[in-house]
1. Have a look at 102, 97, 89 and point out the one that is touching a residue at least 60 places away in the same chain (Cβ under 8 Å) and more than 27 Å from residue 209 (Cβ to Cβ).
2. Any residue that is within 20 Å of residue 25 (Cα to Cα) and either in contact (Cβ under 8 Å) with a residue 24 or more places away in the chain or touching a helix residue (DSSP H, G or I) at 6+ places or on another chain (Cβ under 6 Å) (or both) - is there at least one of those in segment 238-256?
3. Considering only residues that are aliphatic (A, V, I, L, M) and open to solvent by less than 60 Å² (accessible area, probe 1.4 Å), look in segment 14-45 and name the one that is nearest to the chain's Cα centre (by Cα).
4. Test each condition in (1) surrounded by 10 or more Cβ atoms within 10 Å (Cβ to Cβ); (2) farther than 28 Å from residue 258 by Cα; (3) not aromatic (Phe, Trp, Tyr) for residue 6 and report the one that comes out false.
5. Name, by its number, the condition in (1) surrounded by fewer than 19 Cβ atoms within 10 Å (Cβ to Cβ); (2) modelled with pLDDT of 95 or more that does not hold for residue 115.
6. May I ask you to say which residue of 278, 227 is charged (D, E, K, R), in contact (Cβ under 8 Å) with a residue 40 or more places away in the chain, assigned to a loop (DSSP other than H, G, I, E, B) and farther than 29 Å from residue 164 by Cα?
7. Of all residues in segment 174-192, count the ones that are farther than 19 Å from residue 25 by Cα and either of a type in the set (Asp, Glu) or buried (at least 22 other Cβ atoms within 10 Å of the Cβ) (or both).
8. When residue 54 is evaluated against the numbered criteria (1) in a loop (DSSP other than H, G, I, E, B); (2) closer than 24 Å to residue 207 by Cα; (3) open to solvent by 70 Å² or more (accessible area, probe 1.4 Å), which criterion, by number, is the only one it fails?
Amino acid sequence: MPLTRQQAISTATVLSEALPYIQRFVGKTIVVKYGGNAMTDEKLKASFARDIVMLKLIGLNPIVVHGGGPQIGDLLDKLKIESHFINGMRVTDTATMDVVEMVLGGMVNKEIVGLINSAGGKAIGLTGKDGDLLRARKLKVKHKTPEMEAPEIIDIGHVGEVERVNVSVLEMLVDSDIIPVIAPIGVGTDGASYNINADLVAGKIAEVLQAEKLILLTNIAGLMDKEGEVLTGLSTQQVDELIADGTIYGGMLPKIDCALSAVKSGVTSAHIIDGRVEHSCMLEIFTDEGVGTLISNKSLKVDV
């Protein structure tokens, strides 16, 4: 159906208002952690893929890092492999790691690549094992109960943290106009595979590339104050204060810590945005209002 005149004017107005942002961010690297509802809802999956293709076409360099916890859990259930969690992290023995690699490096990764390519992009999927992209080390988990004098170190198997990122692999792909889609599986010095939290991988990649933006898609509207209102335009100092006074706690802390670390390490801004909103990446990058929480060390206002 053709657009009405008013609809056409509205479309032109939106594009015109986005111009200053496009001019500011052209050539910049945007690292997007893709997860939550945006990965499971068909309409949201399609809008995400179109956003990523659009970012590349207008001159930005998007890099996608994805999770896949629910998909891993579903396959483990089907295979009757029981899941255990310690401090929110899945205990990953050899059998579970095989499933993690199958799901993240195969099923989920290739679906995302297919969505982006179907939307007109050129994406290539890889894990941290490809080209030695993500060198990992075993994650040491500390656990302490009130009756313990000192915390104990718990071995949760093939769960790791990023030790090093092979930047040359990413630069080669970006320079070739390829959109990298990365599954958060790293490799240790012994050749063992490690499952790494996707937020942490995205944050570390943003840091080493000194990205313009780190975008973390979530299933919430953003970081909220004690009255339930979304907070945005925060400095790193303000976020530290919100952690200290208990406004930020529990499950949001790891995500906030990831965003803070990235910004304090040179990433221009980090965004925790609502992945349940269609075209959330475009709305956050190219509008004043955005759809979530922005954290930076300086003002990012664009004069329009």
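1. Result of the check over 102, 97, 89: 97.
2. Checked against the condition, which is being within 20 Å of residue 25 (Cα to Cα) and either in contact (Cβ under 8 Å) with a residue 24 or more places away in the chain or touching a helix residue (DSSP H, G or I) at 6+ places or on another chain (Cβ under 6 Å) (or both), segment 238-256 yields no hits at all.
3. My answer is 32.
4. Condition (1) is where residue 6 drops out.
5. Tallying (1) surrounded by fewer than 19 Cβ atoms within 10 Å (Cβ to Cβ); (2) modelled with pLDDT of 95 or more, residue 115 fails exactly one: (1).
6. None of the others qualify; the one that does is 278.
7. Residues meeting the conditions: 7.
8. Every listed condition holds for residue 54 apart from (1).
The values are calculated or read from the model by the stated rules, or taken from the named source; none is laboratory data. For clarity, every value in this text was computed on a predicted model and none was experimentally measured. Every residue, glycine as well, gets a Cβ built from its backbone with ideal geometry; the counts of neighbours run over all protein chains shown. Each accessible area value is taken on the protein alone, full model and side chains, heavy atoms only, with ligands, DNA and RNA left out. Shrake-Rupley method; radii C 1.70, N 1.55, O 1.52, S 1.80 Å.
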